[in-house]
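Below: one structure, written as structure tokens.
The values are calculated or read from the model by the stated rules, or taken from the named source; none is laboratory data. If you're wondering where the values come from, they're calculated on a predicted model, not measured in any experiment. Ideal geometry is used to build each Cβ from the backbone, glycine not excepted, and the neighbour counts take in all protein chains shown. Ligands, DNA and RNA are stripped out before the accessible areas are found, and what is left, the full protein with its side chains, is counted by its heavy atoms. Shrake-Rupley method; radii C 1.70, N 1.55, O 1.52, S 1.80 Å.
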Amino acid sequence: MNRLPPQRLWIRAAVKIREQYQSQATGFPQVNSPPVDQWTRVIRFSRLSTKAQQRHWPVAFELCLEQYKQSVSRLIHDLTASHSELTAVKRPTVVPSLRDLVDELSSLPDEFEDTRIDWSEQEIVVRTPAVILSQVNLGEFEIRLRWSELGDPQPYQVISLSQTGTDDVHHPHVQGDTLCEGEGKIPITQALAEGRLGDFFLLVQQILQTYNPGSAYVPLDRWWNSSCADCDDSMSQEESRPCSICEHQICEYCRRNCTACGDHLCSSCADTCEACDDTFCRGCLSNCEFCGECYCRPCLSDQTCSSCFEESMENEDATPENPAPDTPPATAAPSETSEAAQTSSPAIQPVCLGQADLPA
């Protein structure tokens with residue numbers, strides 16, 4: 001897409017990088033934030049350990065306690081690194097020359113097979129070979145240095161191209177796209193401050209190829225494990241099953257099965273029939289047309305639950321019978337008619353004008 005020769009591209013990138021160094025030389029250095037994320041992990045596993053203890057879950061308690069210990073150790077490690085970092089904070093006094101920056105960038109293809117410039121993100125990108133730790137192949141990674149953030153505490157990202165881990169941990173020392181630099185923090189910071197970009201990329205790659213169980217986000221012996229979406233306990237791939245609806249992984253102790261179709265369900269996607277109290281997925285339940293509650297199909301009759309059906313029958317029995325509105329009046333018996341004719345006196349007609357009164 002870009003027709004400029006590769007050397008011209010490196011020069012263009014070096015110019016941008018030097019401008020960033022110059023702007024940093026006239027400003028104030030960035031101070032790194034404390035390890036808040038690690039502190040959050042400590043609080044989380046402390047809470048889970050207490051919860052497992054209160055509910056008498058010995059297996060979950062042991063797992064949470066182990067992760068609690070590791071998180072505390074990791075927090076101490078990060079706080080120590082943060083202290084060393086604060087001690088080493090100083091304003092940059094030397095701006096790398098354009099020639100040195102061009103040489104640094106031009107030498108990257110000699111160390112990495114895939115090296116490129118992402119102009120839209122203002123990043124120098126290199127790809128590492130496959131990282132194999134303790135016979136676990138974690139795949140390849142991209143190290144992306146964003147020159148517009150030079151001078152920040154960590155102006156780069158580490159991206160997993162294989163996504164071998166779980167959640168946001170795809171390397172024991174990478175959470176999301178942030179590398180836990182550990183003891184390499186000061187050398188990396190110094191390399192970036194002095195414009196030694198080649199050394200920076202090699203240092204990051206070296207950390208990726210090193211494993212420290214004491215500071216790992218997820219130990220390699222539990223690398224293929226995942227957390228249950230319901231109880232948050234660690235489980236192996238053999239023990240876990242995805243929920244048929246939301247696809248969250250759940251352990252065998254929390255897993256529910258739909259009584260009708262047999263699908264695996266987590267607590268959020270499982271429902272119960274109001275009548276028999278069995279577990280069903282929402283697709284195997286129906287609503288009563290009268291009360292609207294959820295029932296399984298065997299507990300419904302014509303889309304009506306037994307309670308509503310009985311109530312409707314009771315209402316029908318309590319309704320009084322009304323006579324038909326179009327019933328004709330009863331006809332009197334003949335004897336009654338004759339008696340009425342005899343007892344009733346004939347009507348006397350008045351003599352009308354123009355008529356003679358006839359003798360009897």
When you scan the stretch 149-164, do you find a residue that is on the phi > 0 side of the Ramachandran plot, at pLDDT below 95 and buried (at least 21 other Cβ atoms within 10 Å of the Cβ), even just one? no
Select from the stretch 23-46 the residues that are open to solvent by less than 60 Å² (accessible area, probe 1.4 Å) and modelled with pLDDT under 75 and write down the one among them that is farthest from residue 218 (Cα to Cα). 27
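To keep it simple, each residue is scored yes or no on (1) over 30 Å from residue 181 (Cα atoms); (2) in contact (Cβ under 8 Å) with a residue 40 or more places away in the chain; (3) open to solvent by 80 Å² or more (accessible area, probe 1.4 Å).
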position: 50; (1), (2), (3): yes, no, no
position: 65; (1), (2), (3): no, no, no
position: 69; (1), (2), (3): no, no, yes
position: 72; (1), (2), (3): no, no, no
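For the stretch 249-261, give me each residue that is surrounded by fewer than 17 Cβ atoms within 10 Å (Cβ to Cβ) and more than 26 Å from residue 297 (Cβ to Cβ).
The first filter runs over the stretch 249-261 and keeps only residues surrounded by fewer than 17 Cβ atoms within 10 Å (Cβ to Cβ), leaving 252-253, 257, 259, 261.
Within the stretch 249-261, 252, 253 meet the criteria.
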Kindly establish whether residue 190 is among the polar types (S, T, N, Q), under 24 Å from residue 104 (Cα atoms) and assigned to a helix (DSSP H, G or I). yes
Test: residue 126 is within 16 Å of residue 196 (Cβ to Cβ), touching a strand residue (DSSP E or B) at 6+ places or on another chain (Cβ under 6 Å) and either buried (at least 18 other Cβ atoms within 10 Å of the Cβ) or of a type in the set (A, V, I, L, M, F, W, C) (or both): yes
Given (1) in contact (Cβ under 8 Å) with a residue 12 or more places away in the chain; (2) over 34 Å from the mean Cα position of the chain (by Cα), residue 109 misses just (1)
If I ask for residues that are surrounded by 13 or more Cβ atoms within 10 Å (Cβ to Cβ), modelled with pLDDT under 90 and either of a type in the set (A, V, I, L, M) or in contact with a Cys (Cβ under 8 Å, 6 or more places away or on another chain) (or both), which ones from the stretch 89-100 would you list? 89, 95
Kindly indicate whether residue 214 is small (Gly, Ala, Ser) and crowded, with 18+ Cβ neighbours inside 10 Å. no
How many residues does the stretch 223-246 contain that are surrounded by fewer than 17 Cβ atoms within 10 Å (Cβ to Cβ), modelled with pLDDT under 80 and of a type outside the set (Phe, Trp, Tyr)? 3
Of (1) over 22 Å from residue 71 (Cα atoms); (2) outside any loop (DSSP other than H, G, I, E, B); (3) out of contact with any strand residue (DSSP E or B) (no Cβ under 7 Å at 6 or more places or on another chain), residue 195 satisfies every one except (2)
State which residue pairs qualify: first residue over 18 Å from residue 165 (Cα atoms) and assigned to a strand (DSSP E or B) and inside the stretch 140-153, second residue among the aromatic types (Phe, Trp, Tyr) and open to solvent by 40 Å² or more (accessible area, probe 1.4 Å) in any location, beta carbons under 8 Å apart, and separation of 6 or more residues or different chains. none
Return the residue satisfying two criteria in turn: it lies in the stretch 262-298 and is hydroxyl-bearing (Ser, Thr, Tyr) and surrounded by 15 or more Cβ atoms within 10 Å (Cβ to Cβ), and of such residues it is nearest to residue 244 (Cα to Cα). 279
